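Worksheet: the structure to be examined is printed underneath.
The values are calculated or read from the model by the stated rules, or taken from the named source; none is laboratory data. Note that this is a predicted model, so its numbers are computed, not measured. Neighbour counts are summed over all protein chains in view; Cβ atoms, including those assigned to glycine, are modelled from backbone coordinates with ideal geometry.
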Amino acid sequence: MAKLNVGFIGCGGIAQAHMTALSQIASAQMVGFCDIDLEKAQTYAEQYGGRAFQVPGDMLEALKLHAVWICLPPFAHGVAEMTCIEAGVPFMVEKPINRTAQQARRIADAIEQKGLMTAAAYMNRYRKGVNRAKALFEEDPPVLTLGGWISGTPQPDPSRPISVWWVQKEKSGGQFVEQVTHTVDLVRYLCGEAMQVSAFSATGFNTNIPGYNIEDAVGVSIKLANGGVALLYSCCASNAAGGISLNVYAHDHAALFSGWGHDVTISTTGRKKHEEIPSEPNIFEIEDQAFLRAVEKQNPSLIKSDYADAFKTLQLTLAADRALSTARIVKLGM
Ligand SMILES: NC(=O)c1ccc[n+]([C@@H]2O[C@H](COP(=O)([O-])OP(=O)(O)OC[C@H]3O[C@@H](n4cnc5c(N)ncnc54)[C@H](O)[C@@H]3O)[C@@H](O)[C@H]2O)c1
């Protein structure tokens, strides 16, 4: 079988996770590495055998790529996507897909016009436990959903770029937009679309952190189109305990997800035995394989989150942000 030529735009932390995953997939050949920090691109070009670039347009002109992985921080999107769209090269983009809805909308429109295949890296949608719960909740709609991410006080360290841009609201959007986007996306996947959002924040608990201007905690309440409610949260000021959780309660089923891997315990009314579904250790490989297969077979139905869908998740997190800044309930046009 002919190999698919893969390129990277952004060669930081998450790109490394995808490179490791793709190195396990026989049909993938990593041939292009692009980063504004050329040295980083060169490191991976040497490791995996390929060419290094500093500008996305140069990479797409020089190489015949079948797919590109865009692994950029929220504030750095735009040129990468537009270059791939113009060249007609399918891409997988990391979450959150952008810092602003305006730019994401322009990209989504251009993708639609071109009819380009895309994927967004909401890898939890590929988990067995998530899809088992989804099947149950399609018959028994969730009434109450609780979830979010709780972590300790961030410590920016110039040797880890993410730790520096992450604490800056204008660059990351804050923890709810940047990180809890995974939970928000799962709420959309399992419970359906949102209609209204309100939010409160906590600030002033984390102090003396260089560049820090994000919220210490955010609490968001969401009215869902199915009639249920979701209460979601972020906190990056809890140093004694924390974690990632998502608990979904329907009339006769409950799914309690825990940890980054979203191990799940599913309970059913009247059944003593719970269903336990552990997480997949190689979730990036599963997600990347699905996208490559979709590209190879020209079959977008293999992709569980595309750009247009991920744009809805971005819109919901940004609606929560608007609810915060205006202290009003924000209605979503869905
Ligand atoms: N799916 C997940 O579980 C997961 C996990 C971690 C990070 N992420 C997401 O991945 C994205 C990137 O995170 P990261 O940890 O890799 O960040 P990072 O800061 O480690 O890496 C980003 C890389 O992009 C490069 N870059 C910045 N602007 C660029 C540009 N215009 N052109 C080319 N390269 C550019 C930087 O030099 C850096 O090497 C974030 O949105 C983050 O939320 C997702």
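For this structure, a couple of remarks:
- Count of the range 220-251 residues which are in contact (Cβ under 8 Å) with a residue 40 or more places away in the chain and part of a strand (DSSP E or B): 18
- Test: L65 is part of a loop (DSSP other than H, G, I, E, B), buried (at least 18 other Cβ atoms within 10 Å of the Cβ) and of a type in the set (A, V, I, L, M): yes
- Test: V187 is part of a helix (DSSP H, G or I), among the β-branched types (V, I, T), away from the ligand (no atom under 13 Å from the Cβ) and in contact (Cβ under 8 Å) with a residue 24 or more places away in the chain: yes
- Residue that is surrounded by the most Cβ atoms within 10 Å (Cβ to Cβ), among those in the range 1-37 that are of a type in the set (S, T, N, Q) and within 10 Å of G50 (Cβ to Cβ): N5
- Filter pass, M92 being closer than 20 Å to C71 by Cα, out of contact with any Phe, Trp or Tyr (no Cβ under 8 Å at 6 or more places or on another chain) and touching a residue at least 12 places away in the same chain (Cβ under 8 Å): no
- With respect to the conditions (1) closer than 22 Å to G115 by Cβ; (2) modelled with pLDDT under 95, K297 lacks only one, and its number is (2).
- Top-ranked residue in the range 111-128 [being more than 16 Å from the ligand (Cβ to nearest atom) and crowded, with 16+ Cβ neighbours inside 10 Å; ranked as nearest to K171 (Cα to Cα)]: I111
- S301 assigned by TED's automatic domain parsing to the domain that holds V177, free of Cβ contacts under 8 Å to residues at least 40 places away in the same chain and in a helix (DSSP H, G or I): no
- Test for N213: is it touching a Lys or Arg at 6+ places or on another chain (Cβ under 6 Å), part of a loop (DSSP other than H, G, I, E, B) and in contact (Cβ under 8 Å) with a residue 12 or more places away in the chain: yes
- For the range 145-177, the set of residues classified as more than 14 Å from the ligand (Cβ to nearest atom) and in contact with a Leu (Cβ under 8 Å, 6 or more places away or on another chain) consists of T145, L146, G147, G148, listed by residue number.
- All positions within the range 1-43 that are more than 10 Å from the ligand (Cβ to nearest atom), within 22 Å of A87 (Cβ to Cβ) and assigned to a helix (DSSP H, G or I): M19, L22
- Some residue of the range 44-67 being in contact with a His (Cβ under 7 Å, 6 or more places away or on another chain) and away from the ligand (no atom under 11 Å from the Cβ): no
- Of note, F257 satisfies the criterion of being within 20 Å of the chain's Cα centre (by Cα) and either in a loop (DSSP other than H, G, I, E, B) or aromatic (F, W, Y) (or both).
- Among the residues making up the range 102-124, those that are under 24 Å from I14 (Cα atoms) and free of Cβ contacts under 8 Å to residues at least 40 places away in the same chain are Q103, L116.
- Some residue of the range 276-293 being surrounded by fewer than 21 Cβ atoms within 10 Å (Cβ to Cβ), in a strand (DSSP E or B) and not aromatic (F, W, Y): yes
- Within the range 84-103, being part of a loop (DSSP other than H, G, I, E, B), over 14 Å from P56 (Cβ atoms) and within 16 Å of the ligand (Cβ to nearest atom) holds for E94, K95, P96, I97, N98, R99, T100.
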